[in-house]
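Visitor: Before I ask anything, here is the structure I am working with.
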Amino acid sequence: MSLTVNDRVRAIATFRFIEVRLMEITAAWTPTTAEMEVKVLFGRHIFDFAQHADWLGKRTFELRKPEQYSLKPAESYVDVIEALAAEEETGKRLSALYDVFIPALESRYRAYVDATDRLLDEPSVVIVERILIDLERMKRDAQRLRERIAVVAVPLPELARRESAHSAIVAPQG
Amino acid sequence: MKEIGFVEEAGLRLRAEPARDEAFKVVRRDKEMAEYDGSGPEAQRESVHRHMTNEITSLDIAAQCLIEFPDAPWGLRMELARQCWDESRHIAALHRRLEEMGGYKGEVPISAFEWQVTCALDDLAGRLASQNRTFEAGAMDVVGGNIREWRAIGDDATAAVLDAILADEIHHVRFANRWIKQLAAENPRVLMKVAMAVRFVSHANQTLQADAGETTVNGKVFEDPHSRIPIVNVEDRKLAEFNDEEINEILRQAGFRSLVPEQVHA
Amino acid sequence: MTTPQLDPKLFAEGPKRDSRFDVRDLWAEMQNFDASDPRLINEFLHRQMNEEINGMEISARNLADFPDAPWELRMSMARQCWDESRHIEAFRGCFERRGVEVGEYPVMNFQYRVITNIPSLIGRLAVQNRSFEAAGIDAIQNEVSEAARREGRTDLDELFDGQLADEVQHVRYANVWVKKLMELGGAAAVFQMTKAVSLANEALKIIAGDAATMYPVAEDVRREAGFTEDEIDVAKRLVAQGTG
């Protein structure tokens, strides 16, 4: 069985919550990151995350919930997002976002596309595929920047482990 | 490009049928269609086939509105273009389901009644009132009930297709409601066009629908037209931005007059 | 990073800068080259880049500080971050082509420090987008004509032209949202905005001293950005007072 409309809107609204938080996290990091080039990278990507949230938020309306409807993920996953937000050091911020969190988010988006009916839910699929193209570009931006200003990637196995420990992130229906 | 003209049918000036591929036999009256009692395999396939061909008609109508009203506000044209995309997916999904059920395109006769009536109207607000606010809103009522029926007979696959379609249809009705309001606010004559459209649709429906006792090509006897009105899908009509008074009026017409509050006239 | 000499009632903590930057607090501490000095344009481009960084940082902070703001407004602020990030790189390109390096001249972060000290979003929008950026529009318009007069169509002319189109959008959305937030917030919102403008004025006097530069009001561009005729007249009177 494919996903129902209710399953779809819950997943899309959860992704929207995450994209809004990523917008806010990169926004909070912008004035508190010293390196100018990294600051500019965050400034640019804030709007990418905002646009993703906006597209997803328009889709929630089509799936019979209010426009720009967000759904908080499972509590333990919110903790992982907040651990990302709490990173202070520039190298760690870059690694946490571009090496751990975005690749994990990409996998979750792909899992959604695999799980849904590509035909009936094509509007969601098109949005997610556009987001995936953006996320790929954003990772490339970050990698090129790190090579240019010689910021070394910092392994963050604990954050990666906590993220990947969640097979599902949509909060259980109350 | 070849224009689609008009035809005369039972004293009505209707739009000639849109192009259909050879697999389909296109008819104009209910009695020329096939309908089956119960929930046997033929009835199931006919139901999905009918949904599928109605979606083809909806696609044609939305596309024709884009062509014939190039000066419509851009926001409305975007909605119509989006509707074309939605209807295309609905057609493909229902065709896929029909084939899974062992059916095929053209298995039973089809009609393009909604097209013939809607595209006979010469203004966009009237067409939105006819197609989106009347036919699609009516379909919303039907599909709401159908989903439960498919689930009841254990066909979750068809129910899932209709569940997804219903979500889209709600928005088609909603955008029509929004745009009619906006167009009427900008130009009060729009309301007159809408009223004329609604009257024309109602007249065409009464003229062309099968009377009690008539039979379909496969021998099913039609009941009285009043007993064929579906249960009103109140919840989704609210999502589609019908107001309470409009919903009450539809409930009254559907035979629930005693249950709804009387309209208060100023 | 924190400058003890500035009153924390008027100035928030400054944004972070890397070690290349020499951050000053007061206009008088800047280099203030004479109009005939060839370094003037280079210092202007470098300073302007840092002001764009301030613009980006302020919008980013607004996103982080006001998560319950209307979504359309948050989208406009996120869009502003993107625009400013492109302007930063464009200004950097311009001065690097002239042989100037990042950090070669001192910079000031007073915009960020004044605005993020304001507790309300309506106040921040009113001060940043309606005041600082609107003044920026006047400055850019002035520089566009000056650069064209001096050098014909150069990379500067192109940069200012593109930047101006973006800045008009920023001022316009602020104008729209300040009005909407005032409608929604009533007397309390008007009070917040008035307080913000008064705090900012007081802070700017400290920063600028007697050295503030006033550019002629770019009337048409301000009109395009949603200012009313009355508001344009007020701006013109203020410039006349400042330069008179």
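FYI, it's all coordinate maths here, none of it is from the lab. None of these values were measured; they are calculated from a predicted model. Every residue, glycine as well, gets a Cβ built from its backbone with ideal geometry; the counts of neighbours run over all protein chains shown.
Visitor: When the helix-only estimate is applied to the protein assembly as shown (DSSP H runs of n ≥ 4, each -39,500 (n - 2.57), divided by the residue count), what is the mean residue ellipticity at 222 nm, nearest 500 deg cm²/dmol?
Guide: -21000 deg cm²/dmol
Visitor: Related question: What residues have an amide H closer than 5 Å to that of B:VAL7, excluding those fewer than 5 places away on the same chain, when H is modeled at 1.01 Å from N in the peptide plane?
Guide: So B:VAL7 has HN proximity to B:LEU14, B:ARG15, B:ALA16.
Visitor: I'd like the Karplus ³J(HN,Hα) series for segment B:197-205: coefficients 6.51, -1.76, 1.60, θ = phi - 60°, whole numbers in Hz, and an x wherever there's a Gly or Pro.
Guide: These are the phi-based 3J(HN,Hα) values: 5, 4, 5, 5, 4, 5, 5, 4, 4 Hz.
Visitor: Evaluate the distance, in nm, between pseudo-label points positioned 7 Å from the Cα of B:ALA43 and of C:SER36 along their respective Cα→Cβ axes.
Guide: In this crude label model, B:ALA43 to C:SER36 measures out at 10.1 nm.
Visitor: Of the listed pairs A:LYS39/A:LYS92; A:LYS39/A:LYS65; B:LYS31/B:LYS238; A:LYS65/B:LYS105; A:LYS72/C:LYS179, which have alpha-carbon separations greater than 24 Å here?
Guide: A:LYS39/A:LYS65; B:LYS31/B:LYS238; A:LYS65/B:LYS105; A:LYS72/C:LYS179
Visitor: Also: For segment B:203-222 and segment C:87-112, what is the separation of their C-alpha centers, rounded to whole Å?
Guide: Here the two parts' Cα centres lie 79 Å apart.
Visitor: Using the Cα centre of the protein assembly as shown as origin and beta-carbon charges of +1 (Lys, Arg) and -1 (Asp, Glu), tell me which of C:ALA64, B:ILE67, C:ALA174 is placed farthest towards the positive end of the dipole.
Guide: Checking the options against the dipole of the protein assembly as shown, the answer is C:ALA64.
Visitor: Just the Kirkwood number for segment C:23-243, please: inverse of mean 1/r across all distinct Cα pairs, in Å, one decimal.
Guide: Roughly 18.0 Å, rounded to one decimal.
Visitor: Can I ask one more? How about segment A:74-174: which GluC sites (Glu not before Pro) there are in a DSSP loop, with at most 10 other Cβ atoms within 10 Å of their Cβ?
Guide: Listed in order of number, the matching sites are A:GLU88.
Visitor: Tabulate in residue order the Karplus-calculated ³J(HN,Hα) for segment C:76-85, using 6.51 cos²θ - 1.76 cosθ + 1.60 with θ = phi - 60°, rounded to whole Hz; enter x for Gly and Pro.
Guide: Values, residue by residue: 5, 5, 5, 5, 4, 4, 5, 4, 5, 5 Hz.
Visitor: Compute the FRET efficiency between C:VAL190 and C:ARG20 as 1/(1 + (r/R0)^6), taking r as their Cβ-Cβ distance and R0 = 60 Å, and round to the nearest 0.05.
Guide: 0.90
Visitor: While we're looking at this one, here's another question. From Cα pairs below 8 angstrom and at least 6 apart in sequence, can you work out the relative contact order of segment A:5-164, rounded to a whole percent?
Guide: Answer for segment A:5-164 is 27 percent.
Visitor: Under 1.5 on a/c is rounded, so check that first for chain B, then, if it is not, pick prolate when a/b is larger than b/c and oblate when it is not; a ≥ b ≥ c are the square roots of the alpha carbon gyration tensor eigenvalues.
Guide: Rounded, because the longest to shortest axis ratio a/c is under 1.5.
Visitor: Continuing with the same structure: Starting at the first residue of segment A:108-115, write each ³J(HN,Hα) from the Karplus equation 6.51 cos²θ - 1.76 cosθ + 1.60 with θ = phi - 60°, in whole Hz, x for Gly and Pro.
Guide: Result, ordered by residue: 5, 4, 5, 5, 5, 4, 5, 7 Hz.
Visitor: I would also like to ask the following. To the nearest 20 debye, what charge dipole does segment A:5-164 have about its Cα centre, counting +1 at the Cβ of each Lys and Arg and -1 at the Cβ of each Asp and Glu?
Guide: In debye, rounded to 20, segment A:5-164 gives about 200.
Visitor: Still on this structure, please answer the following. Rounded, prolate or oblate: which one fits segment C:147-204, using the alpha carbon gyration tensor with axes a ≥ b ≥ c (rounded when a/c is under 1.5, else prolate when a/b beats b/c, else oblate)?
Guide: In terms of gyration-tensor shape, oblate.
Visitor: May I ask what percent, to the nearest 5, of DSSP beta bridges between residues of the protein assembly as shown are antiparallel?
Guide: Expressed as a percentage, antiparallel bridges in the protein assembly as shown total about 55.
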